[in-house]
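Structure first, then comments.
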Amino acid sequence: MDQFGLIGYPLKNNFSKDFFTKKFNELGLLDYTYRNIPIPDIGLLKDMLVFYPTLIGLNVTIPYKQEILRFLDEIDISALEVGAVNCVKVIRESANPDEYKLIGYNTDVYGFELSLINFVKDISKIKKAIILGNGGAAKAIKYVLQKHGVQMISVTRQATEDCIGYEELSKEMIESSQLLVNCTPVGMYPNEKDLLPIPFDYINDAQYCYDLIYLPEEPSFLREAKKQGASIKNGLEMLHLQAEKSWEIWNNS
């Protein structure tokens, strides 16, 4: 039996489990399983891999996309450049559950880039963007936009060397940006009423607003942006695309 799973903590949704369970059934892979594996500490990764000796593929979510790097034997070049991993291939060449090799990838890059192209059609018209959040997912989004020559402002609750605080986000910054991307979990189920502390009144109908959240279908960030006339898109397509890329990686020798 080949096993796959999602690690993170806490695990609030079942997208990956439902997606891959459906895929296994459609492909007739009845001995394949996918499970959610909440681990409260990334230091428990080795124990988990020993506990599930037939586990050969992992998806990684909040808060371990960056923390998992130090446990990997190899990292794909794009994941290394991003500085975050959300897909791990587990190579087992021995019956000993203690013996394995971990290779990390970032399929968020692939998923977001293709989803963004489907959304805006022509990325070249995106000259400036505002990235809300600075976690592992945000790093993948910034990698894609940097690849396409987009100037970016990163915004977080607490200003850092590389990010401004929400209170510093000005009218000029917002109005001069063609794209705003929410990479935070604010507004995610079951906390749909939570709202990012940004001046939504400055968003306009010439802008694109993308939210990595897919549950609810219209998160609070997109709801407020829609009121201002902006074009909106949630993260469901990106999730499907990155999941398909993970499946391709796990099956590629």
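Data for the structure
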{"item": "Mean Cβ neighbour count within 10 Å, used as a protection proxy, ranking 233-241, 143-151 highest first", "result": "233-241, 143-151"}
{"item": "Cross-link pairs 22/226; 147/245; 65/227; 125/245; 147/193 - those with Cα-Cα distance over 30 Å", "result": "22/226; 65/227; 147/193"}
{"item": "Listed peptides 135-142, 33-40, 173-180 by packing density, highest first (mean Cβ within 10 Å)", "result": "135-142, 173-180, 33-40"}
{"item": "Share antiparallel - DSSP beta bridges, the chain, percent rounded to 5", "result": "20 percent"}
{"item": "Dipole axis of the chain (+1 Lys, Arg; -1 Asp, Glu on Cβ), positive-most option in 173, 50, 105", "result": "173"}
{"item": "Charge dipole (debye, nearest 20) of the chain; +1 at Cβ of Lys and Arg, -1 at Cβ of Asp and Glu", "result": "320 debye"}
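Read-outs throughout are calculated quantities, based only on the coordinates presented, and are distinct from any laboratory measurement. Bear in mind that the values here come from a model prediction, so they are computed numbers and not experimental data. Neighbour counts run over all protein chains shown; Cβ positions are idealised from the backbone, glycine included.
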